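The values are calculated or read from the model by the stated rules, or taken from the named source; none is laboratory data. None of the values given here were measured: they were computed from a predicted structure. FYI the Cβ positions are ideal-geometry reconstructions off the backbone, even for glycines, and counts take in every protein chain you see. Just so you know, the surface numbers come from the protein's heavy atoms only, side chains and all, with ligands and any DNA or RNA stripped out. Shrake-Rupley method; radii C 1.70, N 1.55, O 1.52, S 1.80 Å.
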Amino acid sequence: MWAYKFLRKDTRLQVPTYKTFLKQNHDLLKLWYEEEQEPLEERVNFLLRCFRFGIYVLLIYIFVYTLIDPQDDYYSNECNKRVDCYTGCNMGYFPELECTQVENIRFKYNGIRFDSFYMYKRPNITKGQAGLDQYNSCKAYISNNAFYPFIPFLKRQAKLHTCFSYCINGDDDAIIGETRQYCTDLPINQRDQIICLFPSDQCEKTKLQSEVDIADGIFSLAPGIAILAAIVVTPIQFIFEFLCIILAKLRIKSIDNTWQNCRVLLFQVFIILFFVAILVISIAFISVTISAGRPELMFPTMALAVILDQCKSIGILTLLYIIIVRRFGFLQSNEGEYLTPALLETPKQEVWIPKLKVFCLKMLESTGFETLSMVLISFYTIFILFWLTMADIFSIDEQILSKIDTAFLTMFFTEIILKSFASNFMYLVDVFNAFDAAIVLISEVLNIIGIIAKGLGVLRLIRVVVITIRKITGNTSKLRHQSKNINPVESVMKILQSIIDLREISQSIKKEAKWAIEIIESNKLYELNFDMASEEKNMDVEAKAWLNITTEAANDTTQWFERDLDDFLKEIHRENDEQDPNKLEEEEERIKQILNVQPRMWNNALKMMDDFDKWDFDIFKYHENLGEATILHFGFKLFQIYGLLEKFSIADNNFFNLLTQIKNSFYENNTYHNTLRAIEVTRNFHYFVKHGELMNHLSDLNIMAAYLSCLMHDLGHPGVNNTYLIATKHPKSIRYNDKSVLENHHCAMTFKLLLDPQNDIFELLSEAQYWNVRQIIIKMILATDISHHFDQIMAFRGRLSTKKFPEETNEDKQLILNMVLYASDHANPCKNSIQYFRWMAAEMEEYYQQGDIEKKLNYTVTPYFDRTTCNPFVYQKGYISVIVEPLYLTLLDFLPAQCKQDTWTKGLEENKALIEQKIEETKNLVNVSMSTHELVQD
């Protein structure tokens with residue numbers, strides 16, 4: 001690939017990134033990755049890539065075979081003469097058993113000791129014995145003994161002999177340690193007898209002086225041959241690769257140009273013949289190896305040569321990248337310049353690999369798989385303990401134990417491979433996981449090659465203990481976490497820098513982007529920067545400066561623009577809220593096409609949407625029906641209900657990408673703070689908007705900002721709270737100065753997604769609208785910090801007591817939005833008991849997992865986070881009385897009576913009574929933490 005591009009003038013100066021260069025040129029990476037940077041018609045599909053890689057491997061095998069130069073075919077043919085002689089002897093004397101072993105004859109011939117022969121007498125034709133010709137042939141083999149090849153480093157002749165004379169007649173001068181009698185001392189009828197080797201006697205096999213035996217000769221390696229093969233095959237591979245690229249690029253441009261078309265055809269025939277020749281030669285060599293050779297030497301040496309070849313390729317390609325592609329650093333990567341938008345937008349054709357990863361991820365994270373894994377670990381623990389302590393007492397064969405151990409290790413090794421594959425190999429970044437994989441791999445290899453290392457049993461026992469502790473504490477490395485490891489600040493910086501690098505962007509925007517980078521780099525992101533309002537323009541410079549320093553409104557960008565636009569937008573389309581049925585049906589069909597949801601799932605979702613506005617809408621059933629598509633369906637339906645896609649000209653593709661990124665940004669292994677929880681909170685907010693008549697006070701822009709805040713208010717939640725992050729001096733805590741750490745993190749993650757050009761749903765908003773939305777989202781998310789609980793309630797009560805609330809001000813709108821989101825986030829005890837206890841089970845388990853981690857790190861366990869001492873019902877009682885009741889009492893004073901009936905009377909009051917009942921039932925139990933898993937069934 002690199003040579004072809006270098007030789008062409010139009011691609012000579014194209015400089016891909018090092019990662020892309022390896023993907024394009026390294027054999028294994030070319031096999032695995034689709035050729036995304038090539039035009040669709042020139043891409044090689046996966047099957048052909050496998051075939052191409054297979055040819056590489058076969059080429060290496062041909063060179064390994066040639067360099068070893070095995071004589072096994074010749075050896076086998078010579079040793080087959082033993083079979084012919086033994087068969088002729090038995091047939092000639094049948095039914096008499098004359099071909100029996102000869103006693104007391106042994107000698108050393110050309111370095112080989114012989115001590116096992118059978119007597120082959122000359123057939124007596126007068127007695128009707130047949131087989132004289134075969135006897136004479138076998139006797140003639142004696143004359144070949146002196147001419148068999150000598151193996152210098154073994155200091156002996158190749159063991160290919162078939163027969164010797166029965167007595168000493170002077171034709172075998174090389175024999176040492178003679179035990180035969182002289183022919184002159186024997187009767188005449190015995191002098192013409194011969195002695196032959198049994199067919200079962202070991203035949204010579206090709207052996208190299210440099211080969212290394214492994215596991216008592218079960219496997220052998222020739223490292224020198226492997227290294228030489230990996231080097232010698234390089235130019236042939238290069239030529240073959242170059243021919244393949246040319247073949248992929250060749251196209252018949254015109255049917256009128258016969259000669260050119262014939263050349264293309266001839267070239268294709270040549271390549272096919274080249275393929276066929278390699279296949280035929282390889283099959284011939286492999287068949288000889290399997291039938292008469294030493295596969296235990298050939299195949300391991302070939303495997304070593306392939307590994308060395310791939311390692312060699314990385315080194316060579318690195319040098320080529322530095323010297324030829326980068327011209328010793330003179331050229332910089334310009335991948336973004338030569339890749340056309342059409343090429344970048346070409347969809348991947350091979351989607352089975354991502355789908356397979358998702359399938360593996362779901363399987364590995366399922367409860368059933370975790371249970372099976374723990375069962376296997378438990379049995380393996382018992383097995384290892386038995387092997388280490390009691391196997392000798394019961395005199396159990398080590399080989400049997402080794403086979404059982406191999407079976408367990410194979411299952412564990414398969415699990416590690418699947419986890420590594422599902423997490424893009426980030427699973428192995430974790431030190432414990434890498435240690436675990438190393439123990440399993442070493443143990444598996446040693447078992448396969450036949451080395452029973454009992455001492456490794458101790459290491460395996462340590463492995464079992466580590467895994468058990470990590471599974472119990474919940475401190476396992478989540479695969480979804482490991483599949484992404486991106487610093488939000490770095491991502492934002494890269495986005496801003498990419499804006500600066502774009503030629504199409506105006507200088508004013510580039511200047512603002514540079515200013516944003518300077519602010520982030522100088523750590524002034526959260527410092528005040530207040531531009532004076534119009535009525536303060538007459539103030540002197542010193543007064544303005546002090547006001548900028550001291551006011552909390554300094555960073556309020558809503559003061560930068562006139563607000564009449566937002567008020568105008570609030571009235572747009574409101575009189576036409578009742579949508580045209582035909583238009584609604586068209587919208588439904590359009591969303592159905594976008595989401596590509598199965599008809600059954602779509603129809604079930606449509607039926608469930610009849611209850612969408614009700615307080616007790618079953619979000620769990622909704623999720624069970626739609627699965628991974630839940631957030632997509634929810635987001636599109638919600639924005640359709642309020643007409644936000646049309647009002648703000650939001651592109652379907654951008655909104656789809658945004659919802660997908662929101663889903664991917666949640667750690668789905670979190671039992672509580674996950675995508676489903678975000679959907680539940682957003683749906684609760686929708687209920688309050690509909691039944692709380694909040695549309696009378698909010699604009700469409702407010703509504704859009706609010707729902708984005710709801711969906712993303714827990715974005716990237718790590719499953720632990722602010723207290724833990726501060727106590728452990730976590731980088732996020734340091735970054736945000738221990739103030740609303742998670743909430744600030746959620747804000748940063750939110751705008752990381754919203755500012756991504758692929759997710760940009762604000763592209764047609766005015767600058768004023770964007771800054772207004774940004775302020776609303778930031779303030780709403782920061783207001784979810786529970787440490788501001790009483791401040792928020794008191795502020796809302798204070799405004800509610802003025803009788804003028806709410807006024808048409810940004811402050812009052814923001815106060816409503818903050819309060820409703822906060823209430824939506826703490827709505828669990830106000831749901832029906834089934835949903836409440838299901839959410840409580842998930843919430844408590846996440847808290848217990850944090851408590852387990854705190855114990856392991858020797859930190860003080862957060863109150864009620866210790867699964868061994870906490871009564872979850874007591875915790876919920878306190879949570880309701882301190883958090884939920886004051887919150888809802890305040891908010892419901894502002895909302896219509898219907899909201900109080902649904903949330904307080906039918907929800908909170910009934911659940912309070914149920915909690916008291918549960919406390920009474922469990923007050924005498926030592927540990928009731930696990931009962932949260934059974935709550936759904938109550």
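Look at F636 and say whether it is in contact with a Ser or Thr (Cβ under 8 Å, 6 or more places away or on another chain) and either in a helix (DSSP H, G or I) or crowded, with 17+ Cβ neighbours inside 10 Å (or both).
Criteria not met by F636.
Test F620 against the stated conditions and say whether it is hydrophobic (A, V, I, L, M, F, W, C), assigned to a helix (DSSP H, G or I) and open to solvent by 30 Å² or more (accessible area, probe 1.4 Å). It would help to see each step written out before you state the result.
Numbers: hydrophobic (A, V, I, L, M, F, W, C): yes; assigned to a helix (DSSP H, G or I): yes; open to solvent by 30 Å² or more (accessible area, probe 1.4 Å): no.
It is false that F620 is hydrophobic (A, V, I, L, M, F, W, C), assigned to a helix (DSSP H, G or I) and open to solvent by 30 Å² or more (accessible area, probe 1.4 Å).
Can you find, within region 810-863, the residue that is most open to solvent (accessible area, probe 1.4 Å) among those that are of a type in the set (S, T, Y) and over 19 Å from F790 (Cα atoms)?
Among those residues, the one meeting the criterion is T860.
For the subset of region 163-179 comprising residues that are part of a loop (DSSP other than H, G, I, E, B), under 18 Å from S116 (Cβ atoms) and modelled with pLDDT under 85, which member is nearest to the chain's Cα centre (by Cα)?
G177
Is at least one residue of region 785-802 in contact with a helix residue (DSSP H, G or I) (Cβ under 7 Å, 6 or more places away or on another chain), basic (K, R) and crowded, with 21+ Cβ neighbours inside 10 Å?
no
May I ask you to list the residues in region 284-311 that are under 24 Å from I239 (Cβ atoms) and buried (at least 16 other Cβ atoms within 10 Å of the Cβ)? Don't jump to the end; show me each part of the working.
First pass over region 284-311, keeping only residues under 24 Å from I239 (Cβ atoms): 284-286, 301-311.
Once the filter is applied, which keeps residues that are under 24 Å from I239 (Cβ atoms) and buried (at least 16 other Cβ atoms within 10 Å of the Cβ), region 284-311 yields F285, I286, T301, M302, A303, L304, A305, V306, L308, D309.
In this structure, is H691 touching a helix residue (DSSP H, G or I) at 6+ places or on another chain (Cβ under 6 Å) and within 24 Å of G907 (Cα to Cα)?
yes
How many residues does region 54-102 contain that are among the β-branched types (V, I, T) and outside any helix (DSSP H, G or I)?
Adding up the residues that qualify gives 2.
Which residues, taken from region 608-624, are closer than 14 Å to C830 by Cα and in contact with a helix residue (DSSP H, G or I) (Cβ under 6 Å, 6 or more places away or on another chain)?
The answer is W615, F617.
Counting only residues that are assigned to a helix (DSSP H, G or I) and open to solvent by 50 Å² or more (accessible area, probe 1.4 Å), which one in region 648-658 is nearest to L606 (Cα to Cα)? Full working, then the answer.
If we filter region 648-658 for residues that are assigned to a helix (DSSP H, G or I), which is where we start, we get 652-658.
Okay, now just the ones that are also open to solvent by 50 Å² or more (accessible area, probe 1.4 Å), so 653, 656.
Numbers: N653: 22, F656: 19 Å.
By that ranking, first place goes to F656.
L28 is checked against (1) open to solvent by 20 Å² or more (accessible area, probe 1.4 Å); (2) assigned by the TED database to the domain that holds T162 and fails just one. What number does that condition carry?
(2)
If you go through region 869-896, how many residues are farther than 13 Å from V820 by Cα and either out of contact with any Gly (no Cβ under 9 Å at 6 or more places or on another chain) or buried (at least 18 other Cβ atoms within 10 Å of the Cβ) (or both)?
Looking only at that region, the number is 17.
Quick check, is I281 assigned by the TED database to the domain that holds Y56, under 20 Å from D69 (Cβ atoms) and surrounded by 14 or more Cβ atoms within 10 Å (Cβ to Cβ)?
Yes; evaluated as a whole, the condition is true for this residue.
Among all residue pairs at least 6 apart or on different chains, which show Cβ distances below 7 Å where the first residue, located in region 3-28, is part of a loop (DSSP other than H, G, I, E, B) and the second is hydrophobic (A, V, I, L, M, F, W, C) and at pLDDT below 80?
Qualifying pairs under 7 Å: R12/F6.
Being open to solvent by 50 Å² or more (accessible area, probe 1.4 Å) and in contact (Cβ under 8 Å) with a residue 12 or more places away in the chain is the filter here; which residues of region 253-269 pass it?
Listed by number, the list holds a single entry, Q268.
What are the residues in region 382-398 that are of a type in the set (F, W, Y) and closer than 17 Å to F408 by Cα, if any?
Once the filter is applied, which keeps residues that are of a type in the set (F, W, Y) and closer than 17 Å to F408 by Cα, region 382-398 yields F383, F386, W387.
Every residue in region 81-102 that is surrounded by 14 or more Cβ atoms within 10 Å (Cβ to Cβ) and under 18 Å from N145 (Cα atoms), please.
Hits for region 81-102 are K81, R82, D84, C85, Y86.
Take region 423-442 and flag every residue that is at pLDDT below 75 and surrounded by 17 or more Cβ atoms within 10 Å (Cβ to Cβ).
S423, M426, Y427, L428, D430
Need at least 1 residues that are polar (S, T, N, Q) and at pLDDT below 80 per element, so show me which helices (runs of 4 or more DSSP H) inside region 293-408 make the cut, counting only ones lying wholly within it.
367-389
State yes or no: is L821 touching a Phe, Trp or Tyr at 6+ places or on another chain (Cβ under 8 Å) and of a type in the set (A, V, I, L, M, F, W, C)?
Judged against the criteria, L821 is a match.
Need pairs with beta-carbon distance below 8 Å; first residue farther than 22 Å from N596 by Cβ and modelled with pLDDT of 90 or more and within region 616-631, second in a helix (DSSP H, G or I) and of a type in the set (F, W, Y); sequence gap 6+ or separate chains.
Pairs that qualify, where the first residue is farther than 22 Å from N596 by Cβ and modelled with pLDDT of 90 or more and the partner is in a helix (DSSP H, G or I) and of a type in the set (F, W, Y), are F617/Y687.
Run D185 past the list (1) open to solvent by 50 Å² or more (accessible area, probe 1.4 Å); (2) among the acidic types (D, E); (3) within 21 Å of R82 (Cβ to Cβ) and report the number of the one that doesn't hold.
Every listed condition holds for D185 apart from (3).
Looking at D700, D714, which one is surrounded by 22 or more Cβ atoms within 10 Å (Cβ to Cβ) and under 27 Å from P806 (Cβ atoms)?
Among D700, D714, only D714 is surrounded by 22 or more Cβ atoms within 10 Å (Cβ to Cβ) and under 27 Å from P806 (Cβ atoms).
Step by step: first the residues of region 915-935, then only those that are exposed (fewer than 15 other Cβ atoms within 10 Å of the Cβ) and within 44 Å of the chain's Cα centre (by Cα), then the one that is modelled with the highest pLDDT. Which residue is that?
Looking only at region 915-935, we keep the residues that are exposed (fewer than 15 other Cβ atoms within 10 Å of the Cβ), and these are 916-917, 920-921, 923-927, 930, 933-934.
Checking which are within 44 Å of the chain's Cα centre (by Cα) leaves us with 925-927, 930, 933-934.
Values: L925: 63, V926: 52, N927: 57, M930: 41, H933: 40, E934: 46.
It comes out as L925.
Test N604 against the stated conditions and say whether it is assigned by the TED database to the domain that holds N759 and either touching a residue at least 40 places away in the same chain (Cβ under 8 Å) or buried (at least 16 other Cβ atoms within 10 Å of the Cβ) (or both).
Details: assigned by the TED database to the domain that holds N759: yes; either touching a residue at least 40 places away in the same chain (Cβ under 8 Å) or buried (at least 16 other Cβ atoms within 10 Å of the Cβ) (or both): yes.
Yes, satisfied.
Within region 664-676, take every residue that is in a helix (DSSP H, G or I) and touching a residue at least 60 places away in the same chain (Cβ under 8 Å) and give me the one that is surrounded by the most Cβ atoms within 10 Å (Cβ to Cβ).
Selected residue: S665.
Taking K739 as meeting all but one of (1) assigned to a helix (DSSP H, G or I); (2) open to solvent by 20 Å² or more (accessible area, probe 1.4 Å), write down the number of the exception.
(1)
Which one of these does L58 not meet: (1) in contact with a helix residue (DSSP H, G or I) (Cβ under 6 Å, 6 or more places away or on another chain); (2) open to solvent by 60 Å² or more (accessible area, probe 1.4 Å)?
(2) is the only condition that L58 fails.
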